[in-house]
(Lines give C-alpha, C1' and ligand atoms only; values in the text may rest on other atoms or scores of the structure.)
Protein backbone atom coordinates (compact mmCIF):
# COMPACT_ATOMS: atom_id res chain seq x y z
CA UNK A 1 0.00 0.00 0.00
CA UNK A 2 1.34 3.43 -0.94
CA UNK A 3 1.95 5.93 1.82
CA UNK A 4 -0.83 8.39 2.48
CA UNK A 5 -0.46 11.71 0.64
CA UNK A 6 -1.33 14.96 2.39
CA UNK A 7 -2.62 18.14 0.79
CA UNK A 8 -1.96 21.05 3.13
CA UNK A 9 -4.00 24.22 2.66
CA UNK A 10 -2.50 27.31 4.30
CA UNK A 11 -4.69 30.35 3.86
CA UNK A 12 -5.33 33.66 5.56
CA UNK A 13 -9.08 34.28 5.79
CA UNK A 14 -9.74 37.47 7.77
CA UNK A 15 -13.23 38.23 6.36
CA UNK A 16 -16.44 36.36 5.57
CA UNK A 17 -15.63 36.51 1.84
CA UNK A 18 -12.10 35.15 2.24
CA UNK A 19 -13.42 32.50 4.63
CA UNK A 20 -15.90 31.48 1.91
CA UNK A 21 -13.00 31.09 -0.53
CA UNK A 22 -11.04 28.97 1.93
CA UNK A 23 -14.13 26.87 2.66
CA UNK A 24 -14.55 26.34 -1.10
CA UNK A 25 -10.94 25.17 -1.53
CA UNK A 26 -11.37 22.78 1.39
CA UNK A 27 -14.72 21.49 0.06
CA UNK A 28 -13.26 20.83 -3.37
CA UNK A 29 -10.29 19.01 -1.88
CA UNK A 30 -12.57 17.04 0.43
CA UNK A 31 -14.60 15.82 -2.55
CA UNK A 32 -11.45 14.45 -4.15
CA UNK A 33 -10.34 13.04 -0.78
CA UNK A 34 -13.63 11.15 -0.45
CA UNK A 35 -13.09 9.62 -3.89
CA UNK A 36 -9.42 8.73 -3.30
CA UNK A 37 -8.62 5.07 -3.64
CA UNK A 38 -7.99 3.22 -0.38
CA UNK A 39 -8.14 6.50 1.54
CA UNK A 40 -4.68 7.34 0.23
CA UNK A 41 -5.26 11.10 0.54
CA UNK A 42 -5.59 13.40 3.51
CA UNK A 43 -6.55 17.08 3.42
CA UNK A 44 -5.52 19.51 6.16
CA UNK A 45 -6.32 23.22 6.36
CA UNK A 46 -4.44 25.52 8.71
CA UNK A 47 -4.16 29.22 9.33
CA UNK A 48 -0.75 30.61 8.41
CA UNK A 49 -0.32 31.32 12.13
CA UNK A 50 -0.91 27.65 13.00
CA UNK A 51 1.13 26.02 10.22
CA UNK A 52 4.79 25.37 10.80
CA UNK A 53 7.81 23.62 9.30
CA UNK A 54 6.72 20.15 10.41
CA UNK A 55 3.35 20.59 8.69
CA UNK A 56 5.06 21.60 5.45
CA UNK A 57 7.59 18.77 5.65
CA UNK A 58 4.74 16.28 6.10
CA UNK A 59 2.80 17.66 3.12
CA UNK A 60 2.84 16.11 -0.34
CA UNK A 61 1.41 19.29 -1.91
CA UNK A 62 0.39 22.73 -0.72
CA UNK A 63 -2.31 25.27 -1.53
CA UNK A 64 -1.51 28.81 -0.41
CA UNK A 65 -4.17 31.47 -0.04
CA UNK A 66 -3.73 35.14 0.75
CA UNK A 67 -5.35 38.51 0.58
CA UNK A 68 -3.74 41.42 -1.20
CA UNK A 69 -2.59 43.81 1.50
CA UNK A 70 -1.05 47.10 0.41
CA UNK A 71 0.07 45.47 -2.84
CA UNK A 72 1.69 42.52 -1.05
CA UNK A 73 0.72 39.21 0.57
CA UNK A 74 -0.97 39.21 3.95
CA UNK A 75 1.25 39.61 7.00
CA UNK A 76 -0.03 36.22 8.16
CA UNK A 77 1.30 34.44 5.05
CA UNK A 78 4.58 36.37 5.25
CA UNK A 79 4.90 35.29 8.90
CA UNK A 80 4.34 31.68 7.80
CA UNK A 81 7.09 31.98 5.18
CA UNK A 82 9.44 33.59 7.72
CA UNK A 83 8.98 30.65 10.09
CA UNK A 84 9.20 27.81 7.55
CA UNK A 85 11.76 29.10 5.06
CA UNK A 86 15.04 27.89 6.52
CA UNK A 87 13.73 24.77 8.28
CA UNK A 88 12.10 23.62 5.01
CA UNK A 89 14.65 24.88 2.47
CA UNK A 90 16.62 21.66 2.09
CA UNK A 91 13.72 19.30 2.81
CA UNK A 92 10.83 20.36 0.58
CA UNK A 93 12.39 21.15 -2.78
CA UNK A 94 10.02 20.34 -5.63
CA UNK A 95 6.93 20.54 -3.39
CA UNK A 96 3.93 21.03 -5.71
CA UNK A 97 1.97 24.17 -4.87
CA UNK A 98 -0.95 26.25 -6.03
CA UNK A 99 -1.78 29.81 -5.03
CA UNK A 100 -4.97 31.81 -4.86
CA UNK A 101 -5.14 35.52 -4.14
CA UNK A 102 -8.13 37.61 -3.11
CA UNK A 103 -7.09 40.91 -4.63
CA UNK A 104 -9.05 44.12 -4.33
CA UNK A 105 -6.82 45.59 -7.02
CA UNK A 106 -4.71 43.67 -9.53
CA UNK A 107 -2.76 41.25 -7.31
CA UNK A 108 0.50 41.81 -9.18
CA UNK A 109 2.65 42.70 -6.16
CA UNK A 110 1.10 39.93 -4.09
CA UNK A 111 1.75 37.35 -6.78
CA UNK A 112 5.31 38.54 -7.29
CA UNK A 113 6.03 38.47 -3.54
CA UNK A 114 4.75 34.92 -3.07
CA UNK A 115 6.42 33.65 -6.25
CA UNK A 116 9.77 35.11 -5.16
CA UNK A 117 9.68 33.22 -1.88
CA UNK A 118 8.37 30.02 -3.47
CA UNK A 119 11.17 30.19 -6.06
CA UNK A 120 13.71 30.53 -3.26
CA UNK A 121 12.26 27.47 -1.56
CA UNK A 122 12.41 25.66 -4.91
CA UNK A 123 8.76 24.69 -4.67
CA UNK A 124 6.99 23.95 -7.94
CA UNK A 125 3.82 25.74 -9.03
CA UNK A 126 1.60 23.22 -10.79
CA UNK A 127 -0.76 25.84 -12.19
CA UNK A 128 -0.91 29.58 -12.67
CA UNK A 129 -2.07 31.51 -9.59
CA UNK A 130 -5.81 32.03 -9.28
CA UNK A 131 -6.42 35.77 -8.98
CA UNK A 132 -9.82 36.70 -7.56
CA UNK A 133 -9.69 40.39 -8.52
CA UNK A 134 -11.89 43.39 -7.93
CA UNK A 135 -15.27 43.41 -6.26
CA UNK A 136 -16.20 40.08 -4.68
CA UNK A 137 -18.03 37.74 -7.05
CA UNK A 138 -19.69 34.42 -6.26
CA UNK A 139 -17.71 32.86 -9.13
CA UNK A 140 -14.58 33.23 -6.97
CA UNK A 141 -15.88 30.49 -4.67
CA UNK A 142 -16.53 28.19 -7.65
CA UNK A 143 -13.00 28.78 -8.93
CA UNK A 144 -11.54 28.04 -5.49
CA UNK A 145 -13.62 24.86 -5.26
CA UNK A 146 -12.16 23.73 -8.59
CA UNK A 147 -8.65 24.60 -7.41
CA UNK A 148 -9.01 22.48 -4.26
CA UNK A 149 -10.49 19.59 -6.20
CA UNK A 150 -7.82 19.71 -8.91
CA UNK A 151 -4.97 19.82 -6.41
CA UNK A 152 -6.30 16.92 -4.35
CA UNK A 153 -7.25 14.80 -7.39
CA UNK A 154 -3.92 15.51 -9.09
CA UNK A 155 -2.02 14.56 -5.96
CA UNK A 156 -4.04 11.38 -5.53
CA UNK A 157 -3.55 10.41 -9.19
CA UNK A 158 0.19 10.99 -9.01
CA UNK A 159 0.10 13.79 -11.58
CA UNK A 160 2.49 15.70 -9.35
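Confirm whether residue 8 is closer than 24 Å to residue 80 by Cα and without any contact (Cβ under 8 Å) to a residue 60 or more places away in the chain. Yes. Of all residues assigned to region 23-44, at least one qualifies as being in a loop (DSSP other than H, G, I, E, B), under 24 Å from residue 157 (Cβ atoms), touching a strand residue (DSSP E or B) at 6+ places or on another chain (Cβ under 8 Å) and touching a residue at least 24 places away in the same chain (Cβ under 8 Å).
Any residue in region 65-72 that is touching a residue at least 24 places away in the same chain (Cβ under 8 Å) and farther than 21 Å from residue 120 by Cβ? The answer is yes, given that some residue of region 65-72 is touching a residue at least 24 places away in the same chain (Cβ under 8 Å) and farther than 21 Å from residue 120 by Cβ.
Being modelled with pLDDT under 95 and crowded, with 18+ Cβ neighbours inside 10 Å is the requirement here; does residue 41 meet it? Break it down into steps so the answer makes sense when it comes.
Working: modelled with pLDDT under 95: yes; crowded, with 18+ Cβ neighbours inside 10 Å: yes.
So residue 41 fits the description; yes.
Test residue 20 against the stated conditions and say whether it is in contact (Cβ under 8 Å) with a residue 24 or more places away in the chain, closer than 20 Å to residue 150 by Cα and surrounded by 21 or more Cβ atoms within 10 Å (Cβ to Cβ). So residue 20 fails the test.
All conditions in (1) out of contact with any strand residue (DSSP E or B) (no Cβ under 7 Å at 6 or more places or on another chain); (2) part of a helix (DSSP H, G or I); (3) touching a residue at least 24 places away in the same chain (Cβ under 8 Å) hold for residue 49, with the sole exception of (2).
The values are calculated or read from the model by the stated rules, or taken from the named source; none is laboratory data. Please read these numbers as outputs of a predicted model, since none were measured by experiment. All Cβ positions, even for glycine, are placed from backbone atoms using ideal geometry, and neighbour counts span all protein chains on display.
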